[in-house]
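Data block below; observations after.
Since every read-out is calculated from the coordinates, none of them should be taken as a lab result. Please read these numbers as outputs of a predicted model, since none were measured by experiment. FYI the Cβ positions are ideal-geometry reconstructions off the backbone, even for glycines, and counts take in every protein chain you see.
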Ligand SMILES: Nc1nc2c(ncn2[C@@H]2O[C@H](COP(=O)(O)OP(=O)(O)OP(=O)(O)O)[C@@H](O)[C@H]2O)c(=O)[nH]1
Ligand SMILES: [Mg+2]
């Protein structure tokens, strides 16, 4: 990272490596327009283009070379590209051989293939976005649900950045007040009362923001739900119903599902990885027993287990706990015990209630609802906010104990350091490297 060369002109396919109607190739670095004009059918038009304008033309293999593709170039003059550098984005046709020819031509011009996340890294280096926004780019692209996409977009627009910067300013004011007290002799200063109220407000706002992680992570990264229960309880039937497709084999033969099946779906906007598993029973069949062992493993790793109990054939019922939802199936055949969750996959009765119960269970105990102005999703951000909140909490306790101010100042400084790391001002190089090489969009 320290030896990073900002002067290279870098390029990369910004869209997926797959056949499509159109594809976008992004080029960034000072002097890139001039260099690209040597393989463009209208060099002067490209060179003279105003910022953020489009130029139609043909990419060619060198000044008089073969035509590679008909393209539209979006030109960004110095300082105006996504990277805050000079940049050109070509909209080409999405033919894989065509793209390959263009990319090799760009390489021959002396430009370098961008590393994953490098455009965003440059944007960060040039101060166009802070670290929370750079992370939001990745989170936005990877969002699995509409809600997490909206949350990431708000972070990209600077929601988190603004909140952290405002907090840092208030913390700085506090620190400055403390510093004055420490720098001057007592008899030179007026009586000082520590602004405890302001510190309390800061602590609560940071703790609240840290608390949004649980909901941000749930909507961003989703949850694993395992359908378990005795053979024939109706697990595969429910699995198909929740997926809205016939994925798993259903039959009245006990032990139909042996190897588990997994699939992704959304439940109340939450991205879910759903598992249909082998029914639990005593079995002397080696293959079935192996399947049952897998079920037990999956149950151990699940965020939530939906344990189906056949209302017409009640067998073992596990103890109720926060990770297990007991659901009585086949309620059309036999009524479930009063007050219990009951469904009929045949009539659809109770399915809506089950979906709500799942969502409620997954979000229970959260300190946040997800409707907060800013919701975080990154583990890194959470741990830094948590440390900052703890430091401020310690500072509050110290103020209450009336300890010397220099001890309080250490805690305030620690919180400041955490917030600086969060936005990328004082983030260690190895962490930056990890963040930006984690981008890898479309690979
Ligand atoms: N009447 C009624 N029958 C159901 C209902 N749900 C499932 N069944 C029937 O129950 C039988 C077993 O259903 P499955 O979904 O295969 O059960 P399973 O739990 O996956 O069973 P295994 O894979 O053997 O562990 C099938 O004949 C289904 O049609 C329901 O709500 N009502
Ligand atoms: Mg089954």
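Points worth noting:
- Three-way shape call for the stretch 10-128 based on the alpha-carbon gyration tensor, with the a/c threshold at 1.5: oblate
- Label point 7 Å beyond Cα of residue 22 along Cβ direction - residues of the stretch 77-120 with amide nitrogen under 15 Å: 89-95
- Model label sites at residue 322 and residue 41, defined 7 Å from Cα along the beta-carbon direction, differ in position by 6.5 nm.
- When only alpha carbons are used to place a centre, the stretch 364-443 and the stretch 41-86 end up 43 Å from one another.
- DSSP beta bridges in the stretch 229-363 [antiparallel fraction, %, rounded to 5]: 40 percent
- FRET efficiency estimate (nearest 0.05) - Cβ-Cβ, residue 431 to residue 245, R0 41 angstrom: 0.45
- Theoretical gain in end-to-end length, residue 400 to residue 5 [0.36 nm per residue, Cα-Cα removed]: 137.2 nm
- When the chain is reduced to its Cα atoms, the Kirkwood hydrodynamic radius in Å: 26.3 Å
- Length gained when the stretch residue 303-residue 254 is fully extended (0.36 nm per residue, less Cα-Cα span): 15.0 nm
- Simple spin-label estimate for residue 369 and residue 170 in nanometres, 7 Å along Cα-Cβ: 2.1 nm
- The stretch 79-147 shape via C-alpha gyration tensor axes, a/c threshold 1.5: oblate
- Cα gyration tensor of the stretch 229-363 - equivalent ellipsoid semi-axes, whole Å, descending: 21, 18, 15
- Spin-label model, residue 290/residue 349: points 7 Å from Cα along the beta carbon direction are separated by 4.1 nm.
- Pairwise centroid distance, computed over Cα atoms, of the stretch 1-34 with the stretch 99-154, Å: 10 Å
- Tensor-based shape of the stretch 93-195 (alpha-carbon gyration tensor, a/c under 1.5 rounded, otherwise prolate or oblate): oblate
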